[in-house]
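Participant: Below you'll find the structure I mean.
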Amino acid sequence: MQELENLVSSLREEGLRITPQRVAILDYLIKTDDHPSAEHIHKIIQKKYPMVSLSTVYKTVSLLKEKKLVNEIEIDGESRFDAHMDAHINLVCMNCGKIDDVDEDSLKEIQIRASKKSKYHILKGSFELFGYCNHCKSKFQ
């Protein structure tokens, strides 16, 4: 809960309007382990806020992405969103589209080495690996 309050407070300090719908979207993204699409977020948020439009969800996730509070991951032409902002690996199932996070300390080392070699100032990073989740792999063995 503290994380949500801190993020809302920082958005408010930037002069952004804080609506219950925006807070609900951010709260959902913080709490979920899924990597939902805007359509899925809309479906969930609409249960509590029936008048929220899909357009509001798109605008909100776009704002959160701009403020670097969520990452956008494109899988098969569909945007999915992740509020887990630490360096991590996204494991993507090529059958069902499920995405799992794996925290990996060595990613920070890779970023440092890449920065030294390329002279880039790297601010963030994500890494996707594609394969089959535990449920789907049995279908392909």
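The values are calculated or read from the model by the stated rules, or taken from the named source; none is laboratory data. These figures come from a predicted structure and were not determined experimentally. Please note: Cβ atoms are built from the backbone with ideal geometry, for glycine as well, and neighbour counts cover all protein chains shown.
Participant: Touching a Leu at 6+ places or on another chain (Cβ under 9 Å) and acidic (Asp, Glu), is that true of residue 128? Full working, then the answer.
Facilitator: Values: touching a Leu at 6+ places or on another chain (Cβ under 9 Å): yes; acidic (Asp, Glu): yes.
The answer is yes for residue 128.
Participant: Looking at the stretch 59-72, I want the residues that are aliphatic (A, V, I, L, M) and have a partner that is in a loop (DSSP other than H, G, I, E, B) with Cβ atoms under 7 Å, at least 6 apart or on another chain. Which pairs are those?
Facilitator: 61/70; 64/70; 69/83; 70/83
Participant: What's the total number of residues in the stretch 101-126 that are free of Cβ contacts under 8 Å to residues at least 40 places away in the same chain and touching a strand residue (DSSP E or B) at 6+ places or on another chain (Cβ under 7 Å)?
Facilitator: Within the stretch 101-126, residues that are free of Cβ contacts under 8 Å to residues at least 40 places away in the same chain and touching a strand residue (DSSP E or B) at 6+ places or on another chain (Cβ under 7 Å) number 4.
For every residue, the table says whether it meets (1) closer than 19 Å to residue 37 by Cα; (2) among the charged types (D, E, K, R); (3) in contact with a Phe, Trp or Tyr (Cβ under 6 Å, 6 or more places away or on another chain).
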residue: 86; (1), (2), (3): no, yes, no
residue: 101; (1), (2), (3): yes, yes, no
residue: 104; (1), (2), (3): no, yes, no
residue: 127; (1), (2), (3): yes, no, no
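Participant: Here are the criteria: (1) in contact with a helix residue (DSSP H, G or I) (Cβ under 9 Å, 6 or more places away or on another chain); (2) at pLDDT 90 or above; (3) surrounded by 15 or more Cβ atoms within 10 Å (Cβ to Cβ); (4) under 30 Å from residue 137 (Cβ atoms). Tell me which single one residue 91 does not satisfy.
Facilitator: Only one criterion in (1) in contact with a helix residue (DSSP H, G or I) (Cβ under 9 Å, 6 or more places away or on another chain); (2) at pLDDT 90 or above; (3) surrounded by 15 or more Cβ atoms within 10 Å (Cβ to Cβ); (4) under 30 Å from residue 137 (Cβ atoms) is unmet by residue 91, namely (1).
Participant: How many residues does the stretch 22-35 contain that are part of a loop (DSSP other than H, G, I, E, B) and of a type in the set (D, E, K, R)?
Facilitator: Within the stretch 22-35, the first condition is being part of a loop (DSSP other than H, G, I, E, B), and the residues that meet it are 32-35.
Subsequent filtering for residues that are of a type in the set (D, E, K, R) retains 33-34.
So the count comes out to 2.
Participant: Within the stretch 60-67, is even one residue exposed (fewer than 12 other Cβ atoms within 10 Å of the Cβ) and within 20 Å of residue 41 (Cα to Cα)? Give the derivation first.
Facilitator: Going through the stretch 60-67, the residues exposed (fewer than 12 other Cβ atoms within 10 Å of the Cβ) turn out to be 66.
Keeping just the survivors that are within 20 Å of residue 41 (Cα to Cα) gives 66.
Yes, that holds for at least one residue.
Participant: With 68, 43, 31, 48 as the choices, which residue is of a type outside the set (Ser, Thr, Tyr) and within 25 Å of residue 111 (Cβ to Cβ)?
Facilitator: 68
Participant: Let me ask something else about it. Residue by residue through the stretch 53-82, note down the ones that are out of contact with any strand residue (DSSP E or B) (no Cβ under 7 Å at 6 or more places or on another chain), at pLDDT 90 or above and among the aliphatic types (A, V, I, L, M).
Facilitator: Selection gives 54, 57, 63, 64.
Participant: Surrounded by 13 or more Cβ atoms within 10 Å (Cβ to Cβ) and under 14 Å from the mean Cα position of the chain (by Cα): is that true of residue 54 in this structure? Give the steps one after another, and end with the answer.
Facilitator: Details: surrounded by 13 or more Cβ atoms within 10 Å (Cβ to Cβ): yes; under 14 Å from the mean Cα position of the chain (by Cα): no.
For residue 54, the condition - surrounded by 13 or more Cβ atoms within 10 Å (Cβ to Cβ) and under 14 Å from the mean Cα position of the chain (by Cα) - is not met.
Participant: Quick one: what pairs do we get from the stretch 77-98, first residue of a type in the set (D, E, K, R), second outside any strand (DSSP E or B), C-beta under 6 Å, 6+ apart or different chains?
Facilitator: 78/37; 80/35; 80/37; 82/35; 98/133
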